[in-house]
1. Looking only at region 68-83, how many residues end up being in contact (Cβ under 8 Å) with a residue 12 or more places away in the chain and within 22 Å of the chain's Cα centre (by Cα)?
2. With (1) assigned to a loop (DSSP other than H, G, I, E, B); (2) surrounded by fewer than 13 Cβ atoms within 10 Å (Cβ to Cβ) as the list, and Ser39 as the residue in question, which single condition is left unmet?
3. From the list Leu80, Leu58, pick out the single residue that is under 25 Å from Gly109 (Cβ atoms), open to solvent by 70 Å² or more (accessible area, probe 1.4 Å), of a type in the set (A, V, I, L, M, F, W, C) and assigned to a helix (DSSP H, G or I).
4. Looking at Ile66, is it buried (at least 16 other Cβ atoms within 10 Å of the Cβ), outside any helix (DSSP H, G or I) and of a type in the set (A, V, I, L, M)?
5. May I ask you to say which residue of Pro52, Pro23 is open to solvent by 60 Å² or more (accessible area, probe 1.4 Å), out of contact with any His (no Cβ under 8 Å at 6 or more places or on another chain), more than 30 Å from Arg144 (Cα to Cα) and part of a loop (DSSP other than H, G, I, E, B)?
6. Considering only region 27-48, I want to know if a residue exists there that is farther than 20 Å from Ala141 by Cβ and at pLDDT 85 or above.
7. Within region 135-174, can you find the residues that are assigned to a helix (DSSP H, G or I) and among the small types (Gly, Ala, Ser)?
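The values are calculated or read from the model by the stated rules, or taken from the named source; none is laboratory data. Nothing here was measured: the structure is a model prediction, and the numbers come from that model. Positions of Cβ are backbone-derived with ideal geometry, glycine not excepted, and every protein chain shown enters the neighbour counts. Only protein heavy atoms, including side chains, enter the accessible area calculation; ligands, DNA and RNA are left aside. Shrake-Rupley method; radii C 1.70, N 1.55, O 1.52, S 1.80 Å.
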Amino acid sequence: MGQEPNYEIAPADRPRPTPEPAPARRWRPNRPGDLHAPSQVPWGGAFGTPGPDTGYALKLASEAVIEIEAGESRENVESLLVLIMSARASLFGKAPSFNDLRFGLLLLGAHPADQGPPAAPARLAEHRQHWAPRVANDRAAARRLASLLSPPLLRLSVAELQDRLARGEAPLAP
């Protein structure tokens, strides 16, 4: 709004600049449990192998087309699939992706028939039926299965896993 020419404004009434806050002081971790570098993050053993955004595996698994056998529940198979996807993705230091989903479905024998090898689906379904209820309800069983998922197995591409399954190799054993 403009200034009235008849009124004199005192210096105290004139607009003043707003004081800015001082710049933040540098913070350094100095408590006993603070981590100073990424290399200090616990890794392996009971800490597992953390990966970024492993929760995305839940979304991928919930939207996947899964062949469910009689006597199985989708929730149990999804929990097994999420464990495999998260383990594979965290090995590569990335979030779960569609390739991890395909890998998990192949490994479980839960893929649609047109997406996988015709060999060994019955044996894979037996392994899935053994592990699915255990992994969904027991952390110790989930750790046992995760220990069976060796890094060389998880590093296989989807095509390499299909080749192994076509040759009749069983990557998982109950």
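1. Filtering region 68-83 down to residues in contact (Cβ under 8 Å) with a residue 12 or more places away in the chain leaves 68-69, 71-73, 75-83.
Among the residues that remain, those that are also within 22 Å of the chain's Cα centre (by Cα) are: 73, 75-83.
Result for region 68-83: 10.
2. Looking at each condition in turn, Ser39 falls short on (1).
3. Values: Leu80 fails: open to solvent by 70 Å² or more (accessible area, probe 1.4 Å).
None of the others qualify; the one that does is Leu58.
4. On the way: buried (at least 16 other Cβ atoms within 10 Å of the Cβ): yes; outside any helix (DSSP H, G or I): yes; of a type in the set (A, V, I, L, M): yes.
When the stated conditions are applied, Ile66 passes them.
5. Working: Pro52 fails: more than 30 Å from Arg144 (Cα to Cα).
Criteria check complete, one pass: Pro23.
6. Filtering region 27-48 down to residues farther than 20 Å from Ala141 by Cβ leaves 27-43.
Filter again for at pLDDT 85 or above, leaving none.
The answer is no, given that none of the residues of region 27-48 is farther than 20 Å from Ala141 by Cβ and at pLDDT 85 or above.
7. Of everything in region 135-174, those that are assigned to a helix (DSSP H, G or I) and among the small types (Gly, Ala, Ser) turn out to be Ala136, Ala140, Ala141, Ala142, Ala146, Ser147, Ala159, Ala166.
A quick yes/no check of all residues on (1) modelled with pLDDT of 85 or more; (2) among the basic types (Lys, Arg); (3) closer than 30 Å to Arg167 by Cβ:
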residue	(1), (2), (3)
Arg14	no, yes, no
Ala61	yes, no, yes
Arg88	yes, yes, yes
Ala110	no, no, yes
Ala113	no, no, yes
